Amino acid sequence: MNTTTTTHATEYSRDFITVKNQIYILYSQALVTFFFPVIAAFCLTWVLWDVALRRILFVWLTLVIAHAVTRYFLLWKFHHDKITPDNTGVWLNRFLSSVLISGILWGVAGIILVPYDNTIEYTLYNGLTLLITCGLVSGALISYSINIWVLIAYSFPALIPPAVHLISLGDQYNSAFGGFILLYYFFISVAAARMNRQFNRYVEMEHQQKELIYKYERLKLVYSDFRKHLKK
């Protein structure tokens, strides 16, 4: 019974340490990762100003800015709170929700910002839009692969819907472009899975090291008590 309890406690501690490290890494990089989408949105608005429907473009830009403000408020609350076993899931889900919304906003950009026209200009401007989106996703690959579900929540809505949309248009260039985006998504998914496994292996080794140090300190105390007992 005692051994079983100890095993469960060890597994619980390992899971908590893993999630806690993930949360700290995600939020520690958020100051930068929350900022770049706003800069990219302003640049994209400038590029598409004479091409897109300005009302839709303005609404989209406003939503991106409002979402960024909300994310920075979330970041401020995180730095004024303490991570405990009771709230790790809450903070992880909040971060996951924020990246999901961001992914949706950028996925929508590749569908609605540039009005469809069967010309090379449409492919050019929509390609620039998706190029910016792919750049943001590639940056997120480094920051978000710590937790594979966070990366999926961002990359899937940002890339898959516009890729399917391009393929559904049916013409040669847009369909090929959509296929390349799907291939790109497959590539970053494989890379993220490898990075995630390496991180989990590192966390496991760190936990084992702490356990060994703890057991060593316990043995030192037992040995010290044993020597005192012999001297008596």
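Here are a few things to note about the model shown:
- Pairwise label distance in nanometres, R197 with R218, each label 7 Å out on the Cα-Cβ vector: 3.2 nm
- Segment 2-196 - Rg over Rh from alpha carbon coordinates, Kirkwood radius: 1.07
- Sites matching chymotrypsin sites (Phe, Trp or Tyr not before Pro) across segment 41-118 that sit in DSSP coil, with at most 16 neighbouring C-beta atoms within 10 Å: W49, Y116
- Partners for K228 among lysines (Cα-Cα distance below 29 Å; same-chain residues under 8 apart left out): K210, K215, K220
- Working note: 222 nm ellipticity from helices only, DSSP H runs with n ≥ 4, each -39,500 (n - 2.57), summed and divided by the residues of the chain, gives -31000 deg cm²/dmol to the nearest 500.
- For segment 42-159, the Cβ-based charge dipole about the Cα centre amounts to some 320 debye (Lys, Arg positive; Asp, Glu negative; other atoms uncharged).
- Candidates N21, L159, F187 compared by Cα position along the dipole of segment 2-196: farthest toward the positive end lies N21, with charges placed on Cβ.
- Once the chain from S28 to K77 is taken as fully extended at 0.36 nm per residue, the excess over their C-alpha distance is 16.4 nm.
- Cα lying deepest toward the dipole's positive end in segment 2-196, options C134, Y116, G170, charges on Cβ: C134
- Cα centre as origin, Lys/Arg/Asp/Glu Cβ charges: the chain dipole, Debye: 1480 debye
- Positive-end residue of I104, F35, V90, charge dipole of segment 2-196 with Cβ unit charges: V90
- For a modelled paramagnetic label at L124, 7 Å from Cα along Cα-to-Cβ, the residues of segment 158-195 in reach, with backbone nitrogen under 17 Å, are 173-174.
- Estimated FRET transfer efficiency when R0 is 45 angstrom, pair E204-V69 (beta carbons, to 0.05): 0.75
- A simple rule links phi to the HN-Hα coupling: the Karplus curve 6.51 cos²θ - 1.76 cosθ + 1.60 with θ = phi - 60°, which for segment 186-194 gives 4, 4, 5, 5, 5, 4, 5, 4, 5 Hz, with x for Gly and Pro.
Throughout, read-outs are computed from the coordinates displayed, never taken from laboratory work. Remember, it's a predicted structure, so these values are computed and weren't measured experimentally. When we count neighbours, we look across all protein chains shown, and the Cβ atoms used for this are built from the backbone with ideal geometry, even at glycine.
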